[in-house]
Amino acid sequence: MPATTKTNFQLVSNGILNDNPIFRLALSMCPAVGISTTVMNGIMLGIAVLFVQVFSSCTIALIKDYIHPRIRIPTYTLTIATWVTVIDLVLAAYMPAAYKEMGIFVKLIVAFAIITMRLEVFACKNSVPSSFWDGIGMGLGFMAGMVVIGFVRELLGMGTILGHDVLGFRPLLFFVLPAAGFFCVGIMMAMFNYMELVYNRKKRAKER
Amino acid sequence: MKEIIRITIGLTVTCLVAALLMGSVFIVTDKAKKHNEHVNVQRAMLGLLGYTKGHPAPSDLRLYTIYRYIIEDGAIRTLGYMLPVVRGEQGGYQLVVIDLDGQFVNRFKLNITPEKVSEASERASALKVVLKPPKIFVYSDSTIVAKLGKKRLAYLLPGKFPGFKTFIDVMLAIDPSFKIIGLEIMEQEEDPGLGAEINQDYFKNQFKGKSFEKIKKINVTKEPLPEEYKKYLETKKGKEFPLPKGVVDTIRSKYQDKDIYALTGATISSQAVTNGVKNMIRKFAYRINRLDSVISRQHIPVAF
Amino acid sequence: MKILGRKFIFLNILVIISLFLIGGCKPEHRFVKKTAFKDTNKIVIEFAGPVDEAWAKNRSNYTACEKPDPDIRLKIIDVSLSADKKKATLVFADDLNKNQPHVVTATKISSEGKSLGTAILNVKKFYLGYLFSILIGAMIINNFVFTKYLGLCVFFGVSQKKSTAVGMGITFTLVIVASAMMSWFIYQFVLRPYRLDFLQIVVFIGLVSLSVQAVDTILRKVNPLLFKAFGVYLVLVIANCIIIAVPLILADNEYNAWESLMLSLGAGLGFLIALFLMSSVRERLELANVPPTYRGLPIAFVLAGLFALSFLGFSGMSIF
């Protein structure tokens, strides 16, 4: 089994930047469009995903030697579903307001491709600590993506950030409308592509 | 063969561990969830009556809940009210049955404590003792009576009606003359930015202070919300008024008897809330008058 | 083939049981054939034979109320009788709330001088119409992709070509109907009675994997040609959040078997429609000159946003 040679810091930054689940891998887009109307929603769902990702990664890394290869996928699914149920129950009990806001999406973490993918690609081949840091990186990367989209939509749509009035007026109601999530994500992706393009061009110019 | 056994054992163990984990978390969180829900509703109710953290409710404020059931005995339908009675005389609750024309039919003592009465299953089992089959009873709604000292302060009506997309869940506070004290939206799934604006102060507070006579005929107008009125509606209680006191009074009297100003782009949601509130108050006023007359004629020692 | 046959028998039994559960929509009196809402403020009662005009036109012979509020009578301002004296139309002062079943009591129905007793009549909306409205609702008005933003990963992944889009849509519809019906059954008859609701996520995802596996096996044995065409998409079905969202919605809303069938069918067909629309545009997009930074996913997202905006126009529409 090829264990990773990266340091913990590299593992975390990899999840946030190079392999950002939302902008780079384009996985788990549903919440990024559906409930990214406020920064708070992004943080809450980000915490839920972080929790599920870290605990599932650790669980799989811990029992990887005992999993029969033929029932690998069902085991992953069962592990994720268990941790999603746990976080769902906890959120419903202790943070009812935020839970109501996120609606069905907490339960839908179970179908997020990003978590299964990390288990398959990383956790089943690496030790518990590096799986832990990888999970943290992926969770934070997801949260960062959600917060960035939420920030733009909340600021432009309602003129507030984290519920505090910043602008004092509402610039574009359009951004709060559910459909605007698609535009936001699409335009941001294009912006990231553009930055990459410019960066690469400069790099090439330097090399010459 | 050996492999299959290994797989089965592995899966069974995993399932067992997972089930154990989920079960224990459920047991731990279930109580907290129920408690938090109760606290939330309580806070919403007190908030509607104007009691907040900075301005706590007086110690002699009591909230009593009345539960209404529809009782079917073959083709005959009657209403059953579960009323809290004064402690001392066995305490607890009594069931008062009233026919559809408002005439008293029967009354029963119920064996249920005030602590358990908020559980639907506990109420059902207490009612089953006095309403034997073939009588069927169906829960219909509940009303909370707020009593301050010896006089009724307000009625709190939880209600649910269809909105633009799904259901809108509200809590309405009205005083004994059926004037609206406040409206709180408990749950809704309208479009964010459009229908979901019913949750904003400048919409909810429009209902505040509308009299029963006005509310019976209230309508929704599509005129734009005047700027000064919006400012007035958005000032929160407890905070300092950004508007001078005299201005507040003139604005209040100016818009007191106006219709509800619809939200821009969400006329149907506004209409739904207005009609829902109108119907809730009309039905409630009709029923509570009948119930009160039965209570006074039968000398039922009600707590509220 | 045998497995398929058994499944059909099982489905048939389910259908029959649910028919009993729903109950008949017929009024309870032998002399009354039909009751129905008409316009905004009318209720029509159809009798089996001619009734006496003096009785039928007397407003005080009828009382009407909404089912949950039997003590609050609705005000009847007029009753009219058709020429053959078989149809009475009650006109109410206010508009009726048709979402609520109504109860009309006709006291001492009198026909050709004979009294036929009192009838208590339930007036409901046409049930098939209601089912149809659930189907259309899930398919277009509350389209899962464009108004609820679910299933996006698969949606963007397979909407590049029309043929793959249709293949995926059909496979998905099959699997979602099978798994949603199983989930509904298990939830109603196992999880809820034993208060095991908190296990719903695990159970539902398990059932989804199971039905994917079942469809895979059946298709492979019964029709290898079809399997070759659609087998690829089966793996993708599990990664689609809609397939787990539908059972959760069914559990929350306490739908009965028919309504669940309609909702899951609508969800599947809605996904098919979304995929088809998107793939048609994306095929055209291949020929267009898109700025390099927008190529691929970004422009697809903007497109989906335009679709979502236009689907917002359906929002809140009601049929029947």
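See the values below:
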{"read-out": "Verdict on B:M186 being in the same structural domain as B:N289 (by TED's automatic domain parsing), under 19 Å from the mean Cα position of the chain (by Cα), surrounded by fewer than 17 Cβ atoms within 10 Å (Cβ to Cβ) and touching a residue at least 60 places away in the same chain (Cβ under 8 Å)", "value": "yes"}
{"read-out": "Matching residues in the stretch C:113-170 - criterion: being outside any loop (DSSP other than H, G, I, E, B) and β-branched (V, I, T)", "value": "C:I120, C:V123, C:I134, C:I136, C:I140, C:I141, C:V154, C:V158, C:T164, C:V166, C:I170"}
{"read-out": "Test for A:V54: is it in a helix (DSSP H, G or I) and open to solvent by 10 Å² or more (accessible area, probe 1.4 Å)", "value": "yes"}
{"read-out": "Hey, A:G159 facing another protein chain (nearest Cβ under 8 Å), open to solvent by less than 10 Å² (accessible area, probe 1.4 Å) and without any contact (Cβ under 8 Å) to a residue 60 or more places away in the chain or not", "value": "no"}
{"read-out": "Neighbours by Cβ (under 9 Å, 6+ apart or cross-chain): first from the stretch B:1-22, exposed (fewer than 12 other Cβ atoms within 10 Å of the Cβ); second outside any helix (DSSP H, G or I)", "value": "B:E3/A:H68"}
{"read-out": "Test: residue in the stretch A:82-94 that is more than 8 Å from every other protein chain (Cβ to nearest Cβ), in contact with a strand residue (DSSP E or B) (Cβ under 9 Å, 6 or more places away or on another chain), closer than 30 Å to A:G157 by Cα and in contact (Cβ under 8 Å) with a residue 24 or more places away in the chain", "value": "no"}
{"read-out": "Search result, residues across the stretch C:53-79 that are touching a helix residue (DSSP H, G or I) at 6+ places or on another chain (Cβ under 9 Å) and either assigned to a loop (DSSP other than H, G, I, E, B) or of a type in the set (S, T, N, Q) (or both)", "value": "C:N61, C:D69, C:D71, C:I72"}
{"read-out": "Top-ranked residue in the stretch A:59-68 [being away from chain B (no Cβ under 11 Å) and surrounded by fewer than 18 Cβ atoms within 10 Å (Cβ to Cβ); ranked as modelled with the lowest pLDDT]", "value": "A:D65"}
{"read-out": "Residues of the stretch C:73-111 satisfying the condition of being among the β-branched types (V, I, T), within 31 Å of the chain's Cα centre (by Cα) and open to solvent by less than 30 Å² (accessible area, probe 1.4 Å)", "value": "C:T89, C:V91, C:V103, C:V104"}
{"read-out": "Every residue from the stretch A:39-56 that is among the polar types (S, T, N, Q) and either over 18 Å from C:Y149 (Cβ atoms) or modelled with pLDDT under 85 (or both)", "value": "A:Q53, A:S56"}
{"read-out": "The stretch C:186-222, residues that are farther than 24 Å from C:A239 by Cβ, surrounded by fewer than 16 Cβ atoms within 10 Å (Cβ to Cβ) and away from chain A (no Cβ under 14 Å)", "value": "C:F189, C:V190, C:R192, C:P193, C:Y194, C:K221, C:V222"}
{"read-out": "Residue tally, condition closer than 30 Å to B:L79 by Cβ and without any contact (Cβ under 8 Å) to a residue 60 or more places away in the chain, over the stretch B:248-273", "value": "1"}
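Residue-wise test of (1) touching a Phe, Trp or Tyr at 6+ places or on another chain (Cβ under 8 Å); (2) within 11 Å of another protein chain (Cβ to nearest Cβ); (3) part of a helix (DSSP H, G or I); (4) surrounded by 15 or more Cβ atoms within 10 Å (Cβ to Cβ).
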residue: A:F122; (1), (2), (3), (4): no, no, yes, yes
residue: A:K125; (1), (2), (3), (4): no, no, no, yes
residue: A:F182; (1), (2), (3), (4): yes, yes, yes, yes
residue: A:N193; (1), (2), (3), (4): yes, yes, yes, yes
residue: A:A205; (1), (2), (3), (4): no, no, yes, no
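The values are calculated or read from the model by the stated rules, or taken from the named source; none is laboratory data. Quick caveat: nothing in here was measured; it's all calculated off a predicted structure. Backbone-built Cβ (ideal geometry, glycine too); neighbour counts: all protein chains shown. Note: areas computed on protein heavy atoms with side chains; ligands, DNA, RNA excluded. Shrake-Rupley method; radii C 1.70, N 1.55, O 1.52, S 1.80 Å.
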